[in-house]
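The block underneath contains the structure these notes are about, expressed in structure tokens.
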Amino acid sequence: MPERPRFFVDVGSPYAWLAAERVEAVLPVAPVWEPVLLGALFAARGSGSWSLTDAREAGIAEVERRARARGLPAVRWPEPWPGDMLLAMRAATAAADGGSARTFLLVALRSAFVRGRDLSDPAAVADAASAAGIEGEALLAAAGTPEVKAALRERTSEALALGVRGVPTVLVGDQAFWGDDQLEAAARALSV
């Protein structure tokens with residue numbers, strides 16, 4: 001039995017949404033879904049998001065093209081995008097601590113990029129939690145605890161130490177496959 005890969009996600013990334021929609025179909029082993037804070041990954045690398053550069057329009061067009069090519073719903077961009085995903089990622093960490101990382105992350109990504117919800121809004125995060133079968137207000141309360149805040153920092157620091165440079169990333173052993181277009185390469189590494 002191959003080891004379980006780790007799938008690193010931030011709900012503010014449209015490429016993470018693209019990967020989340022097909023990661024389990026592409027990989028021969030179901031991954032462990034891992035919430036990490038993309039902004040902290042960028043800061044550690046001394047870089048930023050393409051969405052804040054001259055590449056924004058081309059990047060948006062590429063995400064929309066990939067969604068169409070994969071038969072996914074049309075992208076509805078949240079306003080504003082990118083937004084402040086700290087609360088949503090703390091909620092994802094609390095959901096992960098409760099054993100619901102995959103469910104919450106997938107619902108939250110769809111909420112952002114299929115429904116166009118701004119996940120910097122606590123109500124949108126609570127709605128995503130409810131849609132994932134988690135009591136929304138309880139998840140928001142958990143997201144504000146010092147323990148969850150520390151857990152997200154620790155998860156992100158660990159991801160950096162493991163070579164995660166951005167999201168989505170699939171980690172197979174010590175190999176990091178960054179980008180939604182790298183899922184097939186991760187699957188090949190798992191099949192060896």
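Among the residues of region 19-64, those that are within 18 Å of LEU152 (Cβ to Cβ) and among the aromatic types (Phe, Trp, Tyr) comprise TRP33, PHE42. Annotation: ALA94 fulfils all but one of (1) free of Cβ contacts under 8 Å to residues at least 12 places away in the same chain; (2) buried (at least 24 other Cβ atoms within 10 Å of the Cβ); the unmet one is (1).
The rows are residues; the columns are (1) within 17 Å of the chain's Cα centre (by Cα); (2) closer than 18 Å to ARG22 by Cβ; (3) not aliphatic (A, V, I, L, M).
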| position | (1), (2), (3) |
| --- | --- |
| ARG56 | no, no, yes |
| PRO80 | no, no, yes |
| ARG117 | yes, no, yes |
| ALA143 | yes, no, no |
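Residues in region 64-91 that are assigned to a loop (DSSP other than H, G, I, E, B), out of contact with any Gly (no Cβ under 8 Å at 6 or more places or on another chain) and surrounded by fewer than 12 Cβ atoms within 10 Å (Cβ to Cβ): ARG70, GLY71, ALA74, PRO80.
Mind checking which residues of region 97-106 are surrounded by fewer than 24 Cβ atoms within 10 Å (Cβ to Cβ) and touching a residue at least 24 places away in the same chain (Cβ under 8 Å)? Matches in region 97-106: ASP97, GLY98, SER100, ALA101, ARG102, THR103, LEU106. Considering each residue of region 157-192, count those that are touching a Pro at 6+ places or on another chain (Cβ under 9 Å) and in a strand (DSSP E or B), and give that number. Qualifying residue count, region 157-192: 5.
Filtering ARG4, ARG76 for residues that are more than 16 Å from the chain's Cα centre (by Cα) and at pLDDT below 95 leaves a single hit, ARG4. Selection of first residues in region 120-136 that are more than 18 Å from LEU106 (Cβ to Cβ) and of second residues that are part of a helix (DSSP H, G or I), restricted to Cβ pairs under 6 Å at least 6 apart or on distinct chains, gives the following pairs, ordered by first then second residue: PRO122/LEU140. Per the listing ALA43, ALA96, ALA61, ALA25, the residue uniquely modelled with pLDDT of 95 or more, in a helix (DSSP H, G or I) and either of a type in the set (Ser, Thr, Tyr) or under 27 Å from PRO122 (Cα atoms) (or both) is ALA96. For region 121-133, the criterion of being within 15 Å of ASP10 (Cβ to Cβ) and surrounded by fewer than 20 Cβ atoms within 10 Å (Cβ to Cβ) is met by no residue. For GLU154, the requirement of being without any contact (Cβ under 8 Å) to a residue 40 or more places away in the chain and assigned to a helix (DSSP H, G or I) is met. Taking (1) within 23 Å of ALA150 (Cβ to Cβ); (2) surrounded by fewer than 24 Cβ atoms within 10 Å (Cβ to Cβ) in turn, VAL26 satisfies each apart from (1).
With respect to the conditions (1) closer than 30 Å to LEU190 by Cα; (2) at pLDDT 95 or above; (3) out of contact with any strand residue (DSSP E or B) (no Cβ under 6 Å at 6 or more places or on another chain), VAL36 falls short on a single one, namely (3). Of the candidates ALA20, ALA88, the single residue that is among the small types (Gly, Ala, Ser), closer than 15 Å to PRO168 by Cα, in contact (Cβ under 8 Å) with a residue 60 or more places away in the chain and in contact with a Leu (Cβ under 6 Å, 6 or more places away or on another chain) is ALA20.
The values are calculated or read from the model by the stated rules, or taken from the named source; none is laboratory data. Keep in mind that what you see is a predicted model, and the values were worked out from it rather than measured. Note: ideal-geometry Cβ built from the backbone for every residue, glycine included; neighbour counts use all protein chains shown.
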